[in-house]
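Only one structure is covered here, and it is reproduced in the block below.
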Amino acid sequence: MAEGGEPERCGFYETATDAYYKYCPNSAQVRIKVHVGENEYEKCVGPGVTWLGSEYEIRGAWEVKGPCYGIAGVAIPEKLGVLPE
């Protein structure tokens, strides 16, 4: 691991207590699928490290194709009355 406890590589990683996803590009967002117990959900994360939950609960996470609009709290511009330029 690099200084500060972050891994040198990108993607899913765990510490002794928590699970994280590190997205390396400095712009935009990526859609990921998170495996929790017997279930999965999709979420969008931005650059840097995102906490996913307890390492006991989270089984893995990986990048999937697809837009981030409307996923896990990402606002859909047309529903806000604002269209992207």
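The values are calculated or read from the model by the stated rules, or taken from the named source; none is laboratory data. None of these values were measured; they are calculated from a predicted model. Positions of Cβ are backbone-derived with ideal geometry, glycine not excepted, and every protein chain shown enters the neighbour counts. All accessible areas refer to the heavy atoms of the entire protein, side chains included, with ligands and DNA or RNA removed. Shrake-Rupley method; radii C 1.70, N 1.55, O 1.52, S 1.80 Å.
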Report the net charge of residues surrounding residue 17, where surrounding means a beta-carbon distance below 14 angstrom and charges are Lys +1, Arg +1, Asp -1, Glu -1. -4
Taking amide H atoms as placed 1.01 Å from N in the peptide plane, list the residues 5 or more away in sequence, or in a different chain, whose amide H sits under 5 Å from that of residue 55. 18, 19
Karplus-derived 3J(HN,Hα), 6.51/-1.76/1.60, for each residue of the range 52-57, Hz, glycine and proline x: 9, x, 5, 5, 5, 8
Give me the number: length gained by fully extending residue 27 to residue 63, i.e. 0.36 nm times residue separation minus the C-alpha to C-alpha distance, one decimal in nm. 11.4 nm
On a 1.4 Å probe surface of the protein chains, which of 55, 8 comes out largest in accessible area, and what is the full order? 8, 55
